[in-house]
1. Those residues that are assigned to a loop (DSSP other than H, G, I, E, B), of a type outside the set (Val, Ile, Thr) and more than 19 Å from VAL91 (Cα to Cα), I need them from segment 19-35; list them, please.
2. Quick check on segment 36-59: of everything there that is in contact with a helix residue (DSSP H, G or I) (Cβ under 7 Å, 6 or more places away or on another chain) and among the hydroxyl-bearing types (Ser, Thr, Tyr), which residue is nearest to ASN90 (Cα to Cα)?
3. Can you spot a residue in segment 61-73 that is at pLDDT 95 or above, more than 17 Å from ILE41 (Cβ to Cβ) and in a strand (DSSP E or B)?
4. Select, from ILE170, ILE136, ILE102, ILE83, the only residue that is outside any helix (DSSP H, G or I), outside the structural domain of ASP55 (by TED's automatic domain parsing) and either modelled with pLDDT of 90 or more or of a type in the set (A, V, I, L, M) (or both).
5. Which condition from (1) surrounded by 14 or more Cβ atoms within 10 Å (Cβ to Cβ); (2) more than 12 Å from THR69 (Cα to Cα) is the one that MET40 breaks?
6. Give all pairs with beta carbons closer than 9 Å in which a residue from segment 54-68 that is surrounded by fewer than 19 Cβ atoms within 10 Å (Cβ to Cβ) meets a residue that is in a loop (DSSP other than H, G, I, E, B); count only pairs at least 6 apart in sequence or on separate chains.
7. Read through the list (1) of a type outside the set (Val, Ile, Thr); (2) more than 24 Å from LEU12 (Cα to Cα); (3) in contact with a strand residue (DSSP E or B) (Cβ under 7 Å, 6 or more places away or on another chain), then give the number of the only condition that ALA141 fails.
8. Of a type in the set (Asp, Glu), modelled with pLDDT of 90 or more and outside any loop (DSSP other than H, G, I, E, B): is that true of GLU146 in this structure?
Amino acid sequence: MIVTLSVILITLLFLRIVLHADMKAVITASMEPDIPVGSMIVIIPAAYEDIHVGDDITFVRDEKLTLVTHRVVEKDDEQRRVITQGLSNNVSDAPVCYENIIGKVSFTVPLLGYPIMYLETQTGKTAAVILVFLVIVVMLASEVLEKFKKKKGMTSDDSPSKTDTALSDINPENKE
């Protein structure tokens, strides 16, 4: 479990640091069926020239800094803006200026958005801190226990088993 979590953490750190990627959770059905609710999307910054009709992009919609991920359906190179639309929506969105585009959706992972949504809550943040603390405590405790066993000259192979104890209790002189 620790190895799996470590691999995931290293991968996410690599995406964030090296590729400047951002991970978000999909919370509405506007991009279904291609990107279902609860998916994690990985967003990579993109130059305007690298954004094309058919790309899924994430952008800031309004002054409240609402993030939206929709598909580019039209591109206006003269004004450097795009028109987007959710796959489940009947109408296009208002034009989006390039300055409001966070990046292109590089890939999605179904269901992995749910833990992200949970970690964005106060309860989730608290649970994550407690989990990290418990992992550290367990690791330290196992290390202390191992040092204690070595100090006592006992390895895990030296501990008596039930079979060994049962056989040593048999009196060889009592034969029936």
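The values are calculated or read from the model by the stated rules, or taken from the named source; none is laboratory data. These figures come from a predicted structure and were not determined experimentally. A quick note on method: Cβ atoms are made from the backbone with ideal geometry, for glycine too, and the neighbour counts reach across all protein chains shown.
1. LEU19, HIS20, ALA21 - these are the residues of segment 19-35 that are assigned to a loop (DSSP other than H, G, I, E, B), of a type outside the set (Val, Ile, Thr) and more than 19 Å from VAL91 (Cα to Cα).
2. SER39
3. Yes, some residue in segment 61-73 is at pLDDT 95 or above, more than 17 Å from ILE41 (Cβ to Cβ) and in a strand (DSSP E or B).
4. Only one candidate qualifies: ILE170.
5. All conditions are met except number (2).
6. ASP55/ALA46; VAL60/THR66; ARG61/ASP93; ARG61/ALA94; LEU67/ARG61
7. That leaves (3) as the condition not met.
8. So GLU146 fails the test.
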